Structures are given as C-alpha cells and as structure tokens.
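Just below is one structure, and these are the notes that go with it.
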Amino acid sequence: MTNPARTAGVAAAALAVALGGVLVATASAEAATTLGASAAATGRYFGTAVAAGKLSDSTYAGILDREFDMVTAENEMKWDATEPSQNSFSYSRAEPIVSHARSHNQRIRGHALAWHQQQPGWAQSMSGTALRNAMVNHITQVATHYRGQIYAWDVVNEAFDDGGNGARRDSNLQRTGNDWIEVAFRTARAADPSAKLCYNDYNTDGQNAKSNAVYAMVQDFKARGVPIDCVGFQSHFNQASPVPSDYQANLQRFANLGLDVQITELDIEGSGQAQADNYARVVRACLAVTRCNGITVWGIRDTDSWRAGGTPLLFDGNGNKKAAYTSTLNALNAGGPVDPSTPPSSPSTPPDPTGACTATVSLNSWNGGFVATVRVTAGGSALSGWAVTVALPSGAAVTNTWSAQNSGTTGTVRFTNAAYNGTVPASGSTEFGFQGTGTGPSAATCAAS
C-alpha cells in the first residue's frame, strides 16, 4: 500500500529537482506530519538503517513505512554478506530490504563496498595484489548487480585512523597500496555510473586532524578527477563526544569543494530535552547547508540500536515517539534556520560600491587555536579573482586552509581564491576559511587579482 504522506513528499522532492532544486512547499497536511515527507518538502531525504530480520515486526515495519523515505541495509550489503566465498555472490540477505523499499517508494543507500571490518574470512587471509584484485572484483560485481537501484554507495568506509595525526588506518586494504581508495572509487563509477559515490567515516563531524585528512583526500580527488560525489558523516554523539560547535561549518567546508554531504548514521545518546535539542541542532545544520542531501538515523527504536543502553534514537522500545522525534520534525518543518550556536559568517557590512572587494573575518576561538571564516564581498564590479591578506598576531600560525590557497603560514599571510570561487558577481560574496594555532586575526584586506 502506498503511504499518502510519502507520496506527497516524493512529489515535492521531484518537483524541486525539476525546478533546479528550488524549494517547493506542499499544501498537504501529511507533508508536515512525518519525517520523510517533511524532509522531502525541503528537497532532502530522511532515512534509517534497516535489519532484514526485523521486517516481520509489525511495529518496526509500521514506523519504517510511515516515517522514512530512504533505507540503508544495516549489515546485509557488506562484503561478508554479499560474497561469503570468493567469487560466489549472494544477495539473499539484502533482497528483503531492497524488495520492501521498492514496494514502499523508498530509495536505498548502499553500505558499504570496501571496509577493513566485516570482510569474509577468505578476504581477511589475503594481502597484496591478490587482495587488491579481490576488492576490485567485489566492487564491480556488487555495484553492477545493483546498478540503477542505489541512490548512493558508501564506497569506502572508515579508512582513517583515530590517533589524532590524520594518518590512514593500518589495514589489509591500506597495505595493498596508498591508492586503494582511489581505485575503489574508479571501480564503483565504472560499475554504476548513476549512483552517488561517497566516502564515509566517524569522528569527522567537526574540524580535527581526522576530518582535515579526509578533506585533503577529497580535495585531491576533486582536483585530479577521481570520481567522488559525497562525504558521509556518521555523527554518533554522546556526552563524551557531543555535537561539535563547528558541525555546520564543517559540513559547509566539504560542500564548498563541490561535494554533497550526507549525515549517514546519526544517533545521539541521552534523553529528554537535551537529546531533543541536539537532534534539532543536527537537522538545522543540514538544512542550512545547501548540498546536505539528507539524514539517516542508525536504527528505528532505541532497542534496535547498537547503542541501546544509551537510548539514542527517535522512538522508544515500544515504538512511541520521543521528545527527540518531535524536535526533529519541528526543525524539518521550520525549513532550516541557521544553527544559532554557529557564529555568523561575517558582520553585516554593506559592500563598498567603489572598491574592488572587502573581506570580513569571524572567529571561533579556543585556548591555543582558532578557526577563521573570511567572507569576500565584491564591490560595484564583478571579480574574476581575489586575494586576501591577514596579519597574524605574534605566535599565531596557519595550519590548514580550505576554499583558498595560502602563501605563508605566519606573519602576513596572503590567501588567493580556489579555482571554483574566484568569480564573484558585483555585490556578491564567497567564503573561505583557515585553522590556526595561537590567536586569530580580527581583520583582513581584499584586492582583485
């Protein structure tokens, strides 16, 4: 049976796509009463991870069909499930999920083609060229089998280390050569040209050594034409690892590379209003980033979660809506105001009608470091290129830059536009950012280049 709320939401999303992504609100009452339909009215999706063995649970399936318009197989599309013996492929575990999704007008995220975990035993015992060839064959066969049926693939999952140094994770796949991630993406594109190809990881939700390393990798991929379309942020939060203050800004800097961003495995441990507020904050962040395609929560009821003890989901064990559900739905229906915890990009400064450009700086500072967001605003004429100069205080140094190139790291530092953001219309603006140690600058100067 077709869900009327989902039909309204899917129609709204389709119309938005047809109009070049313009937001089209629906007048249907149903479009404001379920997560999937409300997200679709903003041109996004709201999905969940699904376990095939739970589809026979009427409460579970009822919530799934009413609320969600995107599904991710929790384990059923991973390497050990789809290729239990080398070159012998089986899709029997995933098929109930795929069939259920199709019959309920739900799209599918594929998870995951290459990962250091949940490999079949035969792959775990391989190395070098043999393992590389096996990986290529696996991606080719699985992505070809599902060609045209998958909205987005997590092509590579969790390839970076948590050690704080931005290094690649030491794994059997990494030991086949540092180009293995690039090979995986090129292989996936050849097998399924229509699917979005994503890199997916955890503890990358704010700007840190790990997210900076992922950023550098995808920036390099974009520059060299390696086919990557999106980055997935798992967003597993708890009291020890809360929603970072720069969550929205971090999503935006990846989007500024010309990538889509997706929140792929959201769960937030806690209860009551604090949990509700955190869910709303994540939703507002996604809605404020134009290229945030949508949100997937990792499970339906608290008892379905891999972190069940932390009650991290939107429905309790009996399938009742929690305060977090209400806050999430309300945030979706509000249409995406900017996260109030995120500093504004710049002061409200009108463009100089005669000068070439102006630059304004906003800072997110902490003891020993900062992130600076710089807005470049054109004057009375369009820019075809720009250069911004900042004078760093004594002891400060630039450690990372995005959406610009920097000349120097201390003292007077000059930033020039990236290839994709040098053209700015008259009175228009663009942004770039940089991270540093010490105290950040409070002012900048801009000139056409």
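So how tilted is helix 180-191 from the main axis of the chain? Cα-based, degrees 0 to 90, rounded to 10.
Taking the Cα atoms of the chain, the angle to 180-191 is about 60 degrees.
Which of these, Ala276, Ala49, Ala223, has the largest mean-square fluctuation under a Gaussian network model of the chain (Cα springs below 10 Å)?
In the Gaussian network model the winner is Ala223.
Tally up the carbon and sulfur contribution to the accessible surface of the chain as a whole percent, 1.4 Å probe, everything protein left in place.
Exposed carbon and sulfur together represent 51 percent of the surface.
Taking the chain as the reference, fit the longest principal axis to its C-alpha atoms, fit the long axis of helix 58-67 to the helix C-alpha atoms, and give the angle between the two in degrees, 0 to 90, nearest 10.
Helix 58-67 sits at roughly 30 degrees to that axis.
Sort Arg147, Arg44, Arg66 from largest to smallest accessible area, using a 1.4 Å probe on the heavy atoms of the protein chains.
Greatest to least solvent exposure: Arg147, Arg66, Arg44.
If you rank Arg375, Arg186, Arg301 by how much accessible surface each has, with a 1.4 Å probe, what is the order from largest down?
So the residues, ranked largest to smallest area, are Arg186, Arg375, Arg301.
Quick one: compute the contact order of the chain, relative version, from alpha carbon pairs under 8 angstrom and 6+ residues apart, as a percent.
Normalised by residue count, the contact order of the chain is 11 percent.
Can you tell me what share of the DSSP beta bridges in the chain is antiparallel? A percent to the nearest 5 is fine. Each step should come with its number before you reach the end.
On the way: 41 of 77 bridges.
Roughly 55 percent of the beta bridges in the chain run antiparallel, per DSSP.
How large is Rg/Rh for the stretch 61-176, to two decimals, with Cα atoms and a Kirkwood Rh?
Radius of gyration relative to Kirkwood radius: 1.02.
Residue separation times 0.36 nm, minus the C-alpha to C-alpha distance between Ala356 and Ala391: what's the value?
10.6 nm
Can you figure out the FRET efficiency of Thr144 with Ser442, using R₀ = 45 Å and their beta-carbon distance, to the nearest 0.05?
0.25
Can you give the direction-averaged projected area of the convex hull of the alpha-carbon atoms in the stretch 355-446, in nm²?
Computing the convex hull of the Cα atoms and averaging its projections yields 5.1 nm².
For helix 4-18, what angle does its Cα long axis make with the longest principal axis of the chain, in degrees from 0 to 90 and rounded to 10?
40 degrees
Determine how large the accessible area of Ser194 is when every protein chain is in place; take a 1.4 Å probe and give Å² rounded to the nearest 10.
Here the accessible area works out near 90 Å².
When all protein chains stay in place, what accessible area (Å², nearest 10, 1.4 Å probe) is found for Arg102?
130 Å²
Can you tell me how much longer the chain between Asn330 and Asn75 gets when fully stretched, taken as 0.36 nm per residue apart minus their C-alpha distance, in nm with one decimal?
Additional length available on full extension: 88.7 nm.
Grab the beta carbon distance between Ala308 and Ala274, set R0 = 22 Å, and tell me the FRET efficiency rounded to 0.05.
Efficiency, rounded to the nearest 0.05: 0.75.
Could you please put Cys292, Cys446 in sequence from largest to smallest accessible area, using a 1.4 Å probe?
Cys446, Cys292
Just how much of Val398 is accessible, in Å², when a 1.4 Å probe is used and the result is rounded to the nearest 10?
10 Å²
On alpha carbon coordinates alone, what is the Rg over Rh value for the stretch 33-333, Rh being the Kirkwood radius?
On the Cα set of the stretch 33-333, Rg over Rh gives 0.95.
What nm value, rounded to one decimal, do you get for the distance between Leu55 and Thr399 when each label is placed 7 Å out toward the C-beta?
4.7 nm
Structure shown: which of Lys54/Lys78; Lys54/Lys210; Lys54/Lys322 lie over 27 Å apart, alpha-carbon to alpha-carbon?
Lys54/Lys210
Can you tell me how much longer the chain between Thr33 and Thr410 gets when fully stretched, taken as 0.36 nm per residue apart minus their C-alpha distance, in nm with one decimal?
Residue separation times 0.36 nm, minus the Cα-Cα distance, leaves 130.5 nm.
The values are calculated or read from the model by the stated rules, or taken from the named source; none is laboratory data. Because the structure is a prediction, the values reported are computed rather than measured. Every residue, glycine as well, gets a Cβ built from its backbone with ideal geometry; the counts of neighbours run over all protein chains shown. With ligands, DNA and RNA removed, areas are computed over all heavy atoms of the protein, side chains included. Shrake-Rupley method; radii C 1.70, N 1.55, O 1.52, S 1.80 Å.
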